[in-house]
Amino acid sequence: MTNSLIITTNYGTETDELLTPLQALKEAGVRTTVASVGGNEIQTLRGDKTAGPVIALSVRSPRPITILW
């Protein structure tokens, strides 16, 4: 089985930019873990303004993730 990881911010991710690929991966049989930089649920937005659904994480981290660029 193939695995994938989606990492996103806790707030402001467009609903469709998260849920559309997530659904496609699931339909393709890819085991997908959803994580957030802050380690909390993800509050999505519609049109950068309206609150969308809150997405629960697949795994909770005991501390926030640090991303180095």
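If only the Cβ of Lys and Arg carry +1 and only the Cβ of Asp and Glu carry -1, the dipole of segment 3-55 around its Cα centre is close to 120 debye. Look at the alpha carbon pairs under 8 Å that are at least 6 residues apart: their mean separation over the length of segment 3-55 gives a relative contact order of 46 percent.
Within the shell of other residues whose beta carbon sits under 14 angstrom from the beta carbon of LEU22, the net charge comes to -2, with Lys and Arg scored +1 and Asp and Glu -1. The amide H of ASN10, built 1.01 Å from its N in the peptide plane, has VAL37, GLY38 as neighbours under 5 Å, considering only residues 5 or more places off or on other chains. Please list, in order, the residues from segment 12-34 whose amide nitrogen is less than 18 Å from a point placed 7 Å along the Cα→Cβ vector of ALA56. Only 19, 22-23, 26, 32-34 pass the distance filter. The orientation-averaged projected area of the convex hull spanned by the Cα atoms of segment 3-55 comes to 3.3 nm².
Each reported figure results from applying straightforward, stated rules to the coordinates on display, with no laboratory input. Remember, predicted model here, so these are calculated numbers, not experimental data. Note that each Cβ is placed from the backbone with ideal geometry, even for glycine, and that neighbours are counted across all protein chains shown.
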